[in-house]
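J.: Quick one: the structure is below, and I'll ask about it shortly.
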Amino acid sequence: MPTLILIDGSSYLFRAFHALPPLTNAAGEPTGALFGVVNMLRNSLKAKPDYIAFVCDASGPTFRDELYPEYKANRPPMPEELRAQIEPMMEIVKALGFPILRVSGVEADDVIGTLATQAAAAGIDVVVSTGDKDMAQLVGPHVTLSNSMTNTTMNAAGVFEKFGVHPNQIIDFLSLMGDSVDNIPGVEKCGPKTAAKWLAEYGTLDAVMDNAAKIGGKIGENLRAALPQLPLSRQLATIRLDVPLDEAPTDLALRERDVDALRRLYARYEFNAALKELDNKPLPDDVRGANVPAQFRKQTTSDADGTLAMQGVYDCVVDQAAFDAWLEKLRAAPIVAIDTETTSLDPMRAEIVGLSFAVEAGKAAYVPLAHDYPGAPQQLDRDAVLAALKPLLEDPDRPKLGQHAKYDINVFSRYGITMRGVRYDSMLESYVWNSTATRHDMDSLARRYLGYTTIPYDAVAGKGAKQIPFSQVALEQASAYAAEDADVTLRLHETLWPKLATEPGLMRVYETIEAPLIPVLARMEQRGVLIDTNALRVQSNELAKRMHELQQRAYDIAGRTFSLDSPKQLQAILFEELKLPIVVKTPTGQPSTNEEALDAIADQHELPKLILDYRGYAKLRSTYTDKLAEIVNPRTGRVHTSYGQAIAATGRLSSNDPNLQNIPIRTEEGRRIRQAFVAPPGYRILAADYSQIELRIMAHLSGDAGLLSAFVGGLDVHRATAAEVFGLPPEQVDSNQRRAAKAINFGLMYGMGAFGLARQLGIARNEANDYIARYFARYPGVRTFMDNIREQAHRDGYVETVFGRRLYLDDIRARNQNLRAGAERAAINAPMQGTAADIIKRAMIAVDGWLGARDDARMLMQVHDELVFEVREDVLDEIATGVRERMSGAAELAVPLVVDIGTGRNWDEAH
DNA sequence: TGTAAACCGTAC
DNA sequence: GACGTACGGTTTACAC
């Protein structure tokens with residue numbers, strides 16, 4: 001059968017632009033995207049199709065813009081470096097002899113859809129070459145998709161495998177999901193899984209809509225809310241198959257290529273391989289790694305149509321000569337990407353299995369050191385290799401690059417190596433560039449910024465029960481995986497660093513906050529905090545006893561046994577068997593058994609109170625007492641948390657394994673957990689926390705006179721607020737009024753409305769409204785500030801902290817009310833939460849620098865507005881003074897930054 | 001056996 | 001639906 005290849009030119013140019021490094025030729029003209037597209041085109045010819053066409057978007061509006069003015073409204077303008085590559089691309093495409101189709105009023109997709117349909121009807125096999133999943137709707141018996149970026153092809157079965165729906169359901173599938181890039185509305189919270197599930201059940205979008213009432217939960221409500229929008233979404237997602245065209249598929253034979261023009265263009269853009277091929281000369285061999293056994297050489301280069309796969313030569317270094325050669329390369333390189341392979345995700349328990357390095361894109365090596373499996377080849381001695389590398393690793397003036405380098409720093413520390421000079425970390429570069437992106441792990445970054453899918457860890461080490469330690473992974477696979485890690489890290493840096501360089505504010509955040517913080521956090525994690533496991537064990541037993549008693553009583557009361565831990569079973573007993581009133585519902589519409597709900601019915605039955613007590617104990621025991629004891633490192637007797645430096649969108653740190661940032665404090669029983677965080681003999685715990693830091697930042701940012709003077713005057717701000725709102729002298733404010741004022745102060749920072757305040761304080765909604773109105777009347781600057789932030793967020797799509805950290809708000813222009821309102825609340829909160837994060841990070845860097853190498857005082861923990869130290873008793877005063885000075889001085893605001901400090905034998909006492 | 005979702009609750 | 005940012009435990013449903 002004859003074949004037709006339809007190339008989605010616009011899609012490829014755009015993807016190649018984002019996937020490839022920003023190459024330029026000697027004249028400084030951008031060539032990266034061009035290079036990608038040209039290679040793809042040359043490869044497409046190798047299939048020797050009978051017909052071929054290059055289809056791209058014409059300029060000007062299309063019928064979709066008329067249907068829906070907001071279509072693609074979120075698209076940023078095309079970057080100049082990309083725009084500059086369009087004309088050259090068209091010249092090359094023309095010179096290659098490709099028929100070019102550009103039809104105004106429709107998109108390239110529609111032209112492709114029309115041609116594919118016509119060709120298939122005429123018995124021609126069609127391959128649509130595109131990176132766009134929307135095209136899956138065209139797949140049929142004669143039509144397949146091919147994606148040269150991922151080197152995959154898809155027929156109808158492939159579509160079903162990938163999306164879980166058939167090609168003829170793709171339009172409905174896309175309509176349900178919506179598309180944030182094209183700004184097509186869908187069903188909120190409906191992703192591919194949910195969309196596929198519904199379509200599997202009902203078959204079509206129409207049927208899903210007809211049965212919308214049957215779908216439960218929050219997602220069902222979202223679906224019903226979206227019903228009016230969905231027909232429009234479907235129209236937008238539907239590729240037209242009836243565009244009037246001048247050419248029939250059979251008119252699309254390849255024209256004769258213009259060799260002279262190609263030679264001139266290839267030369268100009270420095271596509272040397274293409275130029276050589278043009279002149280029919282063989283390509284030179286790739287540079288091969290020296291002194292490397294051939295069987296360990298891993299070469300990832302372009303295959304038939306995988307031009308955009310990682311290209312490079314990866315060495316597996318197992319002999320001294322090869323290692324020496326690499327050591328020389330590392331010493332000579334201006335920047336070295338380093339990655340460790342280990343036996344554990346926990347750096348405090350991990351042992352080094354191998355090291356990988358990259359010095360330029362495409363040139364990387366893996367040095368296996370402790371692979372141990374039957375038949376494993378001889379490897380270099382780990383201690384000898386580490387000793388040889390130590391000077392380089394410890395030299396602060398040799399710039400190093402990592403992906404999540406804190407992990408590697410901690411691993412090296414276990415071998416007596418203090419890694420210094422980590423100037424670059426691709427994870428943090430990505431985080432500063434756009435903290436809203438949910439994941440900054442290497443696989444996600446490679447996909448996002450390089451358009452490349454890395455070898456998944458699972459693929460070499462397995463997962464779940466079948467997982468093997470990396471030390472048992474065969475050298476050949478281990479090398480491919482590990483060397484790629486270093487290579488990809490380097491390529492990510494080469495992509496992200498120039499981006500950061502275009503935004504001096506973000507660059508400053510990276511250079512003055514995030515990068516210097518890496519070794520500070522690493523030291524805190526390595527140090528760990530001493531835990532009194534005996535105290536925890538005692539408490540755990542007490543809790544277990546009380547829980548058991550409560551459990552027995554609960555069974556007696558209910559007349560049967562059940563799991564007190566199961567909300568579902570509780571719901572059956574409380575609301576079905578006992579018929580207690582339902583006060584709160586969960587987001588899925590079920591009767592809630594949360595604290596608020598149980599509190600509300602506690603006066604009608606004894607079971608709710610009992611459950612609340614049980615829950616409190618169960619939470620403490622499972623989450624804290626038992627968990628902490630379990631996670632104590634047997635080597636150090638301490639818990640070594642991991643701080644997440646690229647998690648929270650606002651710039652805050654997070655903490656896990658264990659999470660030290662949610663240790664209880666509000667109740668007496670909870671504080672016993674804190675009492676188990678102890679100082680070693682001769683030391684004391686010192687806790688220093690910023691007083692009302694976020695409210696102070698609000699005063700600074702808003703410039704509100706009332707709020708400023710409260711802080712400058714050193715007043716109790718909640719009391720002062722109560723005095724203003726209730727029109728009383730401060731000394732006549734009672735505790736209830738102060739509590740209300742505190743709720744207002746905090747609530748406003750989170751964008752809370754009257755509804756929320758009323759609920760929080762248990763008052764009528766109009767009363768809450770009244771409070772808020774009086775607050776804004778008394779603090780007009782705060783209202784103006786909030787209005788301005790909202791406006792700025794809408795205008796720019798992001799908000800900033802005092803130090804220039806940026807938070808993008810993807811939903812700020814959403815048509816969905818809830819999404820948009822949520823984004824507005826986040827916009828209000830982010831400058832305050834984010835600035836507080838910036839300030840304490842700056843303080844940590846300053847305090848760490850001041851403490852230097854002294855071992856009589858060590859910073860252990862950070863809890864958002866608090867730093868915790870262990871300090872030798874004889875220097876407590878000196879340290880307290882120095883810490884206070886540096887924390888207060890971490891920012892110059894319009895109000896003083898007050899720091900409260902306490903000390904004690906344990907964390908609880910230090911408060 | 002493993003994963004994801006729902007629910008709940010802790011911190012700042 | 002109504003208050004921002006996190007982490008994580010238990011139950012439950014479900015795919016493999």
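J.: Checking A:Asn633 against (1) at pLDDT 90 or above; (2) open to solvent by 10 Å² or more (accessible area, probe 1.4 Å); (3) away from DNA strand C (no atom under 11 Å from the Cβ): exactly one of these is not met. Which one?
T.: (2)
J.: When you look at A:Gln571, is it within 12 Å of DNA strand B (Cβ to nearest atom) and either more than 30 Å from A:Ala535 (Cβ to Cβ) or within 32 Å of the chain's Cα centre (by Cα) (or both), yes or no?
T.: On the way: within 12 Å of DNA strand B (Cβ to nearest atom): yes; either more than 30 Å from A:Ala535 (Cβ to Cβ) or within 32 Å of the chain's Cα centre (by Cα) (or both): yes.
Spelling it out, A:Gln571 is indeed within 12 Å of DNA strand B (Cβ to nearest atom) and either more than 30 Å from A:Ala535 (Cβ to Cβ) or within 32 Å of the chain's Cα centre (by Cα) (or both).
J.: Is it the case, given these coordinates, that A:Ala618 is within 14 Å of DNA strand B (Cβ to nearest atom), over 30 Å from A:Leu550 (Cβ atoms) and among the small types (Gly, Ala, Ser)?
T.: Details: within 14 Å of DNA strand B (Cβ to nearest atom): yes; over 30 Å from A:Leu550 (Cβ atoms): no; among the small types (Gly, Ala, Ser): yes.
So A:Ala618 does not fit the description; no.
J.: I'd like to verify a number: residues in the stretch A:828-866 that are more than 29 Å from the chain's Cα centre (by Cα) and open to solvent by 10 Å² or more (accessible area, probe 1.4 Å), how many?
T.: Residues in the stretch A:828-866 being more than 29 Å from the chain's Cα centre (by Cα) and open to solvent by 10 Å² or more (accessible area, probe 1.4 Å): 9 in total.
J.: Only one of these conditions is not met by A:Val37: (1) in contact with a Phe, Trp or Tyr (Cβ under 6 Å, 6 or more places away or on another chain); (2) free of Cβ contacts under 8 Å to residues at least 24 places away in the same chain. Which number is it?
T.: The number of the failed condition is (2).
J.: For the stretch A:541-576, how many residues are within 14 Å of DNA strand C (Cβ to nearest atom), β-branched (Val, Ile, Thr) and in a helix (DSSP H, G or I)?
T.: 1
J.: Here's a follow-up. With the condition being open to solvent by less than 40 Å² (accessible area, probe 1.4 Å), touching a residue at least 60 places away in the same chain (Cβ under 8 Å) and within 16 Å of DNA strand C (Cβ to nearest atom), I'd like the helices (runs of 4 or more DSSP H) fully within the stretch A:399-517 carrying at least 1 qualifying residues. It would help to see each step written out before you state the result.
T.: Working: elements: A:405-413, A:426-433, A:442-445, A:457-461, A:475-501, A:504-509.
By residue number, A:405-413, A:426-433.
J.: If you don't mind, another one. Checking the conditions here, which among A:Val529, A:Val583 is under 30 Å from A:Asp838 (Cβ atoms) and within 16 Å of DNA strand B (Cβ to nearest atom)? Full working, then the answer.
T.: Values: A:Val583 fails: under 30 Å from A:Asp838 (Cβ atoms).
Step by step, each of A:Val529, A:Val583 is checked, and only A:Val529 is under 30 Å from A:Asp838 (Cβ atoms) and within 16 Å of DNA strand B (Cβ to nearest atom).
J.: Still on this structure: Would it be correct to say that A:Leu610 is within 37 Å of the chain's Cα centre (by Cα) and in contact (Cβ under 8 Å) with a residue 60 or more places away in the chain? Spell out how you get there, then give the answer.
T.: On the way: within 37 Å of the chain's Cα centre (by Cα): no; in contact (Cβ under 8 Å) with a residue 60 or more places away in the chain: yes.
The answer is no for A:Leu610.
J.: Just to be sure I understand the filter: pairs with C-beta atoms under 9 Å, separated by 6 or more residues or on different chains, first member in the stretch A:1-21 and assigned to a loop (DSSP other than H, G, I, E, B), second member hydrophobic (A, V, I, L, M, F, W, C) and surrounded by fewer than 23 Cβ atoms within 10 Å (Cβ to Cβ). Which pairs pass?
T.: Short answer, once both residue conditions are applied: A:Met1/A:Ile124; A:Pro2/A:Ala122; A:Pro2/A:Ile124; A:Leu20/A:Leu450; A:Pro21/A:Ala361; A:Pro21/A:Leu450.
A quick yes/no check of all residues on (1) surrounded by fewer than 18 Cβ atoms within 10 Å (Cβ to Cβ); (2) more than 12 Å from DNA strand B (Cβ to nearest atom); (3) within 27 Å of A:Lys218 (Cβ to Cβ); (4) not assigned by TED's automatic domain parsing to the domain that holds A:Leu536:
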{"site": "A:Glu576", "(1), (2), (3), (4)": "yes, yes, yes, no"}
{"site": "A:Gln590", "(1), (2), (3), (4)": "yes, no, yes, no"}
{"site": "A:Glu596", "(1), (2), (3), (4)": "yes, no, yes, no"}
{"site": "A:Asp599", "(1), (2), (3), (4)": "yes, no, yes, no"}
{"site": "A:Glu606", "(1), (2), (3), (4)": "yes, yes, no, no"}
{"site": "A:Tyr614", "(1), (2), (3), (4)": "no, no, no, no"}
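J.: Oh, and also: Assess whether A:Arg240 counts as being more than 23 Å from A:Lys94 (Cα to Cα), modelled with pLDDT of 85 or more and in a loop (DSSP other than H, G, I, E, B).
T.: yes
J.: Same structure, new question: Failed condition for A:Leu67, given (1) more than 30 Å from the chain's Cα centre (by Cα); (2) open to solvent by less than 10 Å² (accessible area, probe 1.4 Å), with all others met?
T.: The number of the failed condition is (2).
J.: Now for a different question. Within the stretch A:38-52, how many residues are of a type in the set (Ser, Thr, Tyr) and outside any helix (DSSP H, G or I)?
T.: The initial filter retains those residues of the stretch A:38-52 that are of a type in the set (Ser, Thr, Tyr), namely A:44, A:51.
Subsequent filtering for residues that are outside any helix (DSSP H, G or I) retains A:51.
Of the residues in the stretch A:38-52, 1 are of a type in the set (Ser, Thr, Tyr) and outside any helix (DSSP H, G or I).
J.: Another one. Mind checking which strands (runs of 3 or more DSSP E) fall wholly inside the stretch A:806-911 and carry at least 1 residues that are under 25 Å from A:Trp433 (Cβ atoms)?
T.: On the way: elements: A:806-808, A:857-862, A:866-872, A:899-904.
Counting at least 1 such residues, we get A:806-808, A:857-862.
J.: Go through the stretch A:182-233 and count every residue that is closer than 25 Å to A:Glu107 by Cα, open to solvent by less than 20 Å² (accessible area, probe 1.4 Å) and within 15 Å of DNA strand C (Cβ to nearest atom).
T.: Of the residues in that region, 1 qualify.
J.: Let me ask something else about it. Kindly list, by first and then second residue, each pair from a residue in the stretch A:543-564 that is open to solvent by less than 30 Å² (accessible area, probe 1.4 Å) to a residue that is of a type in the set (Lys, Arg), limited to pairs with Cβ atoms under 6 Å and residues at least 6 apart or on different chains.
T.: Close Cβ pairs satisfying both conditions: A:Leu543/A:Arg621.
J.: Quick one: in the stretch A:637-661, which of the residues that are more than 12 Å from DNA strand B (Cβ to nearest atom) and open to solvent by 50 Å² or more (accessible area, probe 1.4 Å) is farthest from the chain's Cα centre (by Cα)?
T.: Filtering the stretch A:637-661 for residues more than 12 Å from DNA strand B (Cβ to nearest atom) gives A:637-647, A:649, A:651, A:657.
Checking the rest, the ones that are also open to solvent by 50 Å² or more (accessible area, probe 1.4 Å) come to A:647, A:657.
On the way: A:Ile647: 6, A:Asp657: 19 Å.
This residue is A:Asp657.
J.: Out of the residues in the stretch A:527-570 that are touching a strand residue (DSSP E or B) at 6+ places or on another chain (Cβ under 6 Å) and either of a type in the set (A, V, I, L, M, F, W, C) or at pLDDT below 90 (or both), state the one that is nearest to A:Arg672 (Cα to Cα).
T.: From the stretch A:527-570, those touching a strand residue (DSSP E or B) at 6+ places or on another chain (Cβ under 6 Å) are A:527-532; that's our starting set.
Next, from what is left, pick out any that are either of a type in the set (A, V, I, L, M, F, W, C) or at pLDDT below 90 (or both): A:529-531.
Values: A:Val529: 16, A:Leu530: 15, A:Ile531: 12 Å.
Step by step, filter the stretch A:527-570, then rank; the result is A:Ile531.
J.: Can you pull out every residue in the stretch A:634-660 that is among the polar types (S, T, N, Q) and within 27 Å of A:Glu873 (Cβ to Cβ)?
T.: Start the filter on the stretch A:634-660 by keeping residues that are among the polar types (S, T, N, Q), which leaves A:636, A:641-642, A:645, A:650, A:654-656, A:659.
Scanning the stretch A:634-660 gives A:Thr636, A:Thr641.
J.: Here's another thing I want to ask about it. Within the stretch A:777-791, can you find the residues that are surrounded by 16 or more Cβ atoms within 10 Å (Cβ to Cβ) and not aliphatic (A, V, I, L, M)? Even if it seems obvious, please write down each step before you answer.
T.: Within the stretch A:777-791, the first condition is being surrounded by 16 or more Cβ atoms within 10 Å (Cβ to Cβ), and the residues that meet it are A:778-779, A:781-783, A:785-786, A:789-790.
Selection gives A:Arg778, A:Tyr779, A:Gly781, A:Arg783, A:Phe785, A:Arg790.
J.: Of all residues being polar (S, T, N, Q) and within 15 Å of DNA strand B (Cβ to nearest atom) in the stretch A:441-492, which is nearest to A:Ser430 (Cα to Cα)? Just the residue, please.
T.: We begin by selecting, within the stretch A:441-492, every residue polar (S, T, N, Q); these are A:444, A:453-454, A:467, A:471-472, A:477, A:479, A:489.
After this cut, where a residue has to be within 15 Å of DNA strand B (Cβ to nearest atom) as well, the list is A:444, A:467.
On the way: A:Ser444: 11, A:Gln467: 30 Å.
Here the residue is A:Ser444.
J.: Hey, among the residues in the stretch A:736-759 that are of a type in the set (Phe, Trp, Tyr) and either more than 22 Å from A:Glu596 (Cα to Cα) or in a helix (DSSP H, G or I) (or both), which one's nearest to DNA strand C (Cβ to nearest atom)?
T.: Start the filter on the stretch A:736-759 by keeping residues that are of a type in the set (Phe, Trp, Tyr), which leaves A:746, A:750, A:755.
Of the ones still in play, those that are also either more than 22 Å from A:Glu596 (Cα to Cα) or in a helix (DSSP H, G or I) (or both) are A:746, A:755.
Values: A:Phe746: 7, A:Phe755: 4 Å.
My answer is A:Phe755.
J.: Consider the stretch A:760-790. How many of its residues are within 28 Å of A:Leu807 (Cβ to Cβ), among the aromatic types (Phe, Trp, Tyr) and part of a helix (DSSP H, G or I)?
T.: Total satisfying the criteria: 3.
The values are calculated or read from the model by the stated rules, or taken from the named source; none is laboratory data. Nothing here was measured: the structure is a model prediction, and the numbers come from that model. We place every Cβ from the backbone using ideal geometry, glycine too, and count neighbours over all the protein chains shown. All accessible areas refer to the heavy atoms of the entire protein, side chains included, with ligands and DNA or RNA removed. Shrake-Rupley method; radii C 1.70, N 1.55, O 1.52, S 1.80 Å.
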